[in-house]
Each structure stands twice: as structure tokens, then as C-alpha cells.
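In what follows, a structure is listed as C-alpha cells, so that the remarks can point back to it.
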Amino acid sequence: MTIIKELLRLVVAIFGVITLSFCLQLFTGTDPAEMIVRKQNIFATEAQIQAVREELKLDAPFQVRYLDYLGGVARGDLGTAIMNRRPVAENIREVLPVTTMLILLSMLWVVLFSIVIAAAAVLRKDRAFDNVTRIICIIGICVPSFWLGLILLAVFAVRIPIFQVIADGSLKSFILPSIAMAFPIICISIRVLRASVLNELNSDYVTYARARGFTNGQIIYGEVLKNALPPAITLFAQYCAALFGTSALVESVFSIRGLGIYLMESCESMDVYGISGAILVCAVLFVLFNIAADLLSSAVCPAYGRKRI
């Protein structure tokens with residue numbers, strides 16, 4: 001039943017995202033036909049613009065254009081980019097793997113450090129390690145990823161040339177940008193997970209476990225941590241999906257051409273098809289990651305799934 005409900009939510013959410021993406025094309029105030037013609041000839045006449053408008057069926061009624069757009073999305077056709085006159089889906093297919101690799105590596109750092117540091121901070125609550133961790137996390141949350149990227153680049157690519165200044169597509173070239181993207185999320189995740197674990201420690205089953213003689217480490221790593229994970233998993237999924245659309249600044253610092261840079265270039269050139277296509281992909285990924293987070297949380301902590309039902 002839970003899976004069926006999640007699938008229904010997925011269908012409704014994606015349908016809504018596709019509709020909003022279509023409306024973005026329609027109500028931006030930019031005429032794609034005029035942009036296409038004037039890109040080739042700045043002195044183009046209204047008759048030439050109207051001819052392109054008719055060719056692209058931009059003068060068709062709303063419902064006709066909407067149904068055509070739905071059919072195109074179902075076929076994987078997101079339109080033709082104004083920037084380079086190539087299919088938007090093909091442009092996104094070229095840059096999406098780069099951003100995906102960068103984000104996967106970033107999320108690996110988040111998972112590794114968040115769980116270990118949060119659990120260690122709880123075990124040493126109100127001691128030096130916990131206090132220092134809290135201070136670092138508060139500062140880290142406020143640090144912009146692109147600024148941290150510049151610092152890492154200046155130190156580890158210029159001062160100490162361990163890495164290259166310009167990314168060459170290798171796994172090594174993604175280490176610094178992934179750390180820059182992951183650090184603020186790690187700080188937030190540690191705070192959320194620490195608070196969630198401390199909240200779980202007030203539960204009755206923890207009191208019972210202590211009465212049976214279990215140590216704090218056994219209680220936290222054995223039972224409490226998995227029950228405290230759902231909020232952190234949800235946060236993790238949301239940030240992971242959001243990074244697909246907000247990675248442009250870090251990508252520009254490290255000269256990585258990914259989805260964020262493509263979206264930024266589309267905005268600069270007023271390419272409504274490129275913008276709506278990139279936003280559609282980011283929004284669909286956001287929905288998919290949130291659905292996956294709910295299912296994973298229910299699997300890790302069955303009590304969480306029962307609460308949602």
C-alpha cells in the first residue's frame with residue numbers, strides 16, 4: 001500500500017512539474033521565434049518572425065501546444081535549444097553525467113562524515129569534541145560553497161599543487177569541488193542527526209536498554225541511530241536533488257561544464273527551451289529523490305513508515 005501511494009504521489013508531482021515547465025515557456029514574455037530569427041539576422045522582418053512562429057506552432061491554441069509538449073516530454077523531446085539549435089535533451093544528456101558524478105562524490109562525503117561525527121558528538125555530549133563540532137558546524141553552514149571552492153583551489157591547486165586548477169574529467173579533479181559542495185551540507189546534517197539522536201535517547205526503549213546493562217555506544221549504534229535517521233535521510237535527499245540546479249557556482253570556479261553551467265548559459269541567452277528543460281530535469285530529480293528518501297526511511301525505520309500511513 002505504501003509503494004502504491006508513493007507511486008501515485010510520484011505521478012501527480014511529475015505531472016505538476018511538467019505543467020509548470022510548460023507554463024514557464026509560455027509566460028516568460030520571451031518570443032522564441034523572435035529570439036531564433038534575430039540570432040541569425042538582427043534586422044529580421046516581422047514576416048520572417050511570423051514564419052518561424054508558424055513553423056514551430058507557437059501560434060497554436062494553448063491546449064494544442066500543451067498536448068504537444070506532453071507528448072514530446074513522453075518521447076524525451078524537450079524542444080530545440082535557441083543557443084545552438086540542438087535538441088535540449090541532447091544538450092542535457094552531455095552535461096548531466098558530469099554533475100551527477102560531482103554530486104554523488106559530494107554525497108559520499110556527507111554520508112561518511114555526518115553519521116560518524118554526529119554519533120561521536122552524542123557520545124561526548126557537552127564535552128570538548130561536541131562543543132568544537134557545534135562551533136565548526138555553525139560556521140560551516142554559513143560558508144558559501146563557491147567561496148570554499150576558491151580557498152581549496154588556491155591552497156591545494158596553486159600553493160600546494162596536488163590538484164589541477166582546471167578539471168580534466170578524472171575522478172581526482174572532482175575531489176575539491178565535491179568537498180566544497182559537501183561541507184555546508186555535512187555541517188547541517190550533523191546538527192540535524194545529533195538533535196534527532198538526542199531526542200531518541202529520551203525514549204522508553206532506551207531506558208529499558210540501559211536497565212539491561214547496554215552501554216551508550218551499543219544503544220546508539222544498535223538501535224537509536226537507525227530510528228534517528230529518517231530526518232537526516234530526508235534532508236540528504238533534498239540537498240542531493242537541489243545540488244543539480246545550484247551547482248553552477250562551484251562548477252564555474254573549477255571550470256566544470258555541468259548541468260548548472262548549462263542552466264546559467266541558457267538564462268544568459270534567454271533560451272526558454274533550455275531553461276525549462278533543465279528546470280524540468282532538476283524538478284523531476286527532486287521529486288524522485290524525495291520519494292526514494294521516504295521509501296528508504298520506511299525501510300530503515302518501520303515506525304516512520306507506519307506514522308506516514
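The values are calculated or read from the model by the stated rules, or taken from the named source; none is laboratory data. As the structure is a computational prediction, the values presented were derived from the model and not from experiment. FYI the Cβ positions are ideal-geometry reconstructions off the backbone, even for glycines, and counts take in every protein chain you see. Heads up: the accessible areas ignore ligands, DNA and RNA and are worked out on the full protein's heavy atoms, side chains in. Shrake-Rupley method; radii C 1.70, N 1.55, O 1.52, S 1.80 Å.
Between residue 165 and residue 101, with labels modelled 7 Å along Cα→Cβ, what's the label distance in nm to one decimal, could you check?
My value for the distance between the label points is 2.2 nm.
Using R₀ = 30 Å, calculate the FRET efficiency as 1/(1 + (r/R₀)^6) where r is the Cβ-Cβ separation of residue 47 and residue 11; round to 0.05.
Here the calculated transfer efficiency is 0.10.
Quick query: amide H of residue 80 versus all other amide H atoms, modeled in the peptide plane; which residues come in under 5 Å with a sequence gap of 5 or more or a different chain?
88
Describe numerically, in nm with one decimal, the distance between label points set 7 Å from Cα along Cα→Cβ at residue 123 and at residue 59.
The answer from the label model is 7.3 nm.
Report relative contact order for the chain in percent, whole number only (criteria: Cα-Cα under 8 Å, sequence separation at least 6).
Numbers: 343 pairs, mean separation 78.1, N = 309.
Averaging sequence separation for qualifying contacts and normalising by length gives 25 percent for the chain.
Give the relative contact order (percent, whole number) for segment 166-285; include only Cα pairs under 8 Å separated by 6+ residues. Intermediate results must be reported in sequence, preceding the final value.
Working: 81 pairs, mean separation 30.0, N = 120.
Relative contact order, segment 166-285: 25 percent.
Largest first, how would 221, 239, 66 line up by accessible area (1.4 Å probe)?
Result, largest first: 221, 239, 66.
When ranked by the protection proxy of mean other Cβ atoms within 10 Å per residue, highest first, what sequence do the peptides 96-107, 277-288 form?
Final packing ranking: 277-288, 96-107.
Each label point is 7 Å from the Cα along the Cα-to-Cβ direction; what then is the distance between the points at residue 4 and residue 198, in nm?
Placing both labels 7 Å along Cα→Cβ, they lie 4.3 nm apart.
Rounded if a/c is under 1.5, else prolate if a/b beats b/c, else oblate: with a ≥ b ≥ c from the C-alpha gyration tensor eigenvalues square-rooted, which is segment 72-206?
oblate
Tell me, what HN-Hα J-couplings in whole Hz come from the Karplus equation 6.51 cos²θ - 1.76 cosθ + 1.60 at θ = phi - 60° for each residue of segment 242-252, using x for Gly and Pro?
Coupling constants for segment 242-252: 5, 5, 4, x, 10, 7, 4, 5, 5, 4, 5 Hz.
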